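Just so you know, all these numbers are worked out from the coordinates, no wet-lab data involved. Being a predicted model, the structure only gives us computed values, none of them experimental. Cβ atoms come from the backbone with ideal geometry, glycine included; neighbour counts cover every protein chain shown.
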Amino acid sequence: MANILIVDDSPTEIHVLKTMLEKNGFDVCTANSGEEGIEKAKTEKPDMILMDVVMPGMNGFQASRQISSDPETSAIPIIIVSTKNQETDKMWGLRQGAKDYIAKPAKEKELISKINEILG
């Protein structure tokens, strides 16, 4: 089963996403910050990353850029899951290396279908 890393500073958001993913048969690991997300991307080698944008310290755009530009982690697809849902945010997120962008609160059907689409 695919392993998905959730990077979010909100315990509630992590719980909601983790519950959705596990219910649909995914393995889940979590990180509470952009910095921790980068570390886990290297150590856990997840099949995909769900990245929040607004976090203390390094934000999700910065973390996505670092993960997608590092040869060690660049093959890991990233979906940004954020409350920032302006068109400019989406465009910027995709330019940082994300494969897709979902506005919070994430709808289970949309999230799972995007994950399956990207993981093929």
Quiz prompt | Residue under evaluation residue 91, criteria (1) outside any helix (DSSP H, G or I); (2) loosely packed, with under 14 Cβ neighbours inside 10 Å; (3) without any contact (Cβ under 8 Å) to a residue 40 or more places away in the chain; (4) not acidic (Asp, Glu), criterion not met | solution = (1)
Quiz item: List the pairs whose first member sits in the stretch 104-120 and is exposed (fewer than 15 other Cβ atoms within 10 Å of the Cβ), whose second member is of a type in the set (Gly, Ala, Ser) and outside any helix (DSSP H, G or I), and whose Cβ atoms are under 8 Å apart, counting only residues at least 6 apart or on separate chains?
Solution: 119/2
Quiz item: Among 62, 96, which is the only one that is out of contact with any Cys (no Cβ under 6 Å at 6 or more places or on another chain), surrounded by fewer than 18 Cβ atoms within 10 Å (Cβ to Cβ) and touching a residue at least 12 places away in the same chain (Cβ under 8 Å)?
Solution: 62
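Does residue 74 count as surrounded by fewer than 17 Cβ atoms within 10 Å (Cβ to Cβ), of a type in the set (Gly, Ala, Ser) and closer than 17 Å to residue 21 by Cβ?
Spelling it out, it is not the case that residue 74 is surrounded by fewer than 17 Cβ atoms within 10 Å (Cβ to Cβ), of a type in the set (Gly, Ala, Ser) and closer than 17 Å to residue 21 by Cβ.
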Exercise. Inspect all residues belonging to the stretch 50-57 and state whether any of them is within 15 Å of residue 116 (Cα to Cα) and aliphatic (A, V, I, L, M).
Key: yes
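Test residue 2 against the criterion of being surrounded by fewer than 21 Cβ atoms within 10 Å (Cβ to Cβ) and touching a residue at least 40 places away in the same chain (Cβ under 8 Å), and give yes or no. Please lay out each step first, then the result.
On the way: surrounded by fewer than 21 Cβ atoms within 10 Å (Cβ to Cβ): yes; touching a residue at least 40 places away in the same chain (Cβ under 8 Å): yes.
Against the criterion (surrounded by fewer than 21 Cβ atoms within 10 Å (Cβ to Cβ) and touching a residue at least 40 places away in the same chain (Cβ under 8 Å)), residue 2 qualifies.
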Quiz item: Here is a list of conditions, (1) in contact with a helix residue (DSSP H, G or I) (Cβ under 8 Å, 6 or more places away or on another chain); (2) closer than 19 Å to residue 1 by Cβ, and residue 99 meets all of them except one; can you say which number that is?
Solution: (2)
Quiz item: Going through the stretch 12-37 one residue at a time, which ones are assigned to a loop (DSSP other than H, G, I, E, B) and either of a type in the set (A, V, I, L, M, F, W, C) or over 15 Å from residue 54 (Cβ atoms) (or both)?
Solution: 24, 25, 26
Practice problem: Please specify each residue of the stretch 21-51 satisfying the condition of being closer than 14 Å to residue 81 by Cβ, crowded, with 20+ Cβ neighbours inside 10 Å and among the aliphatic types (A, V, I, L, M). | Solution: 21, 31, 48, 49, 50, 51
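Can you say whether residue 82 is over 15 Å from residue 4 (Cα atoms), touching a Gly at 6+ places or on another chain (Cβ under 9 Å) and touching a residue at least 12 places away in the same chain (Cβ under 8 Å), as far as the supplied structure shows?
The answer is yes for residue 82.
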